[in-house]
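**Q** Below you will find the structure I want to go over with you.
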Amino acid sequence: MAMSRQRQLLGQTSYLLAALTVILAALLPLAPGRIAWPGPDLLTAGTLAWVLRRPEQVPVLTVALVTLAADILLFRPLGLGALIAVVATEVARRQQHRWRAQGFLFEWLRVAILVALMVLAERVIRTLFLVPVTLAPLPPLGSEVLRLIATIAAYPFVVAVLAALGLRHAAPGALDP
């Protein structure tokens, strides 16, 4: 039992370090002044992949705190991204046994739908509640669609990197209820 708890804490610490690295990399001015294609949302892809592989290592409070920190540091509407990420990861967490049984292609398709719904939910909520443009401008729809496509395309690579680091699906019955 102690070994299981130790493994869970090690996994949670690894997730926190990986998420912090992704957030800090997003803050770096890699190409100042140059307008480029939007890259994938690696935090969302990584969080969903981690939750689908080791849900016990990424509790809901951890997801909420990490995504709230991303909202603050990346100057996004405070709490909106965190709320949407928590809802999406909890949907994925509840379906992870079924998704695992159907293979990676179905997982990828479902994650793609989930990420698309996340983007749609954010746009609808920001439009309905008229989030002031001066606080957090709404990105153009084309840019959001390109980011969505990039995130969906990057998901298999994120999963491959996590697998190379030793993060795989738990054996059936290995997770604590």
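**Q** Determine, from the Cβ-Cβ distance of Leu16 and Ser143 and an R0 of 25 Å, the FRET efficiency 1/(1 + (r/R0)^6), rounded to the nearest 0.05. Before the final figure, lay out each step's value.
**A** Working: r = 29 Å, r/R0 = 1.15.
Computed FRET efficiency for Leu16 and Ser143 comes out at 0.30.
**Q** Work out, step by step, the length gained on full extension between Leu109 and Ala36: first 0.36 nm times the residue separation, then minus their alpha carbon distance; give nm to one decimal. Each step should come with its number before you reach the end.
**A** On the way: separation 73, 0.36 × 73 = 26.28 nm, distance 2.67 nm.
Stretched fully, the Leu109-Ala36 segment lengthens by 23.6 nm.
**Q** Around Asp41, which amide H atoms from residues at least 5 apart in sequence, or from another chain, sit under 5 Å from its own amide H, with H modelled in the peptide plane?
**A** Thr151
**Q** If you don't mind, there's one more thing I want to ask. Simple spin-label model, 7 Å along Cα-to-Cβ: Phe129 to Phe75 in nm?
**A** 2.0 nm
**Q** Further question on the same structure: Which ³J(HN,Hα) values in Hz, rounded to whole numbers, follow from the phi angles of segment 99-109 under the Karplus curve 6.51 cos²θ - 1.76 cosθ + 1.60, where θ = phi - 60° and Gly and Pro get x?
**A** 5, 5, 5, 9, x, 5, 4, 5, 4, 4, 4
**Q** Can you pull a Stokes-Einstein diffusion coefficient for segment 21-102 at 10 °C (1.306 mPa s), Rh from Kirkwood over Cα pairs, as a whole number of µm²/s?
**A** Values: Rh = 13.8 Å.
Once the numbers are plugged in, D ends up at 115 µm²/s.
**Q** Would you mind estimating how fast segment 74-169 diffuses translationally, via Stokes-Einstein at 37 °C and 0.692 mPa s with the Kirkwood radius over Cα pairs, in µm²/s?
**A** Details: Rh = 14.9 Å.
Value of D from the Cα-based Kirkwood radius: 220 µm²/s.
**Q** Using every pair of alpha-carbon atoms in segment 67-113, split the distances into 5 Å bins beginning at 0 and state the percent of pairs per bin, rounded to integers.
**A** Computed distribution, short to long bins: 5, 21, 21, 16, 13, 13, 8, 2.
**Q** Here's something else I'd like to know. Please work out the Cα convex hull volume for the chain and give it in Å³ per residue.
**A** Values: hull volume 21.3 nm³, N = 177.
Dividing the Cα hull volume of the chain by its residue count gives 120 Å³.
**Q** Separate question: Towards the positive end of the charge dipole of the chain, with charges on Cβ (+1 Lys, Arg; -1 Asp, Glu), say which of Gln6, Ala121, Leu141 has the farthest Cα.
**A** Checked the options; the winner is Gln6.
Rule-based calculations on the coordinates, nothing more; no lab input. Nothing here was measured: the structure is a model prediction, and the numbers come from that model. Neighbour counts run over all protein chains shown; Cβ positions are idealised from the backbone, glycine included.
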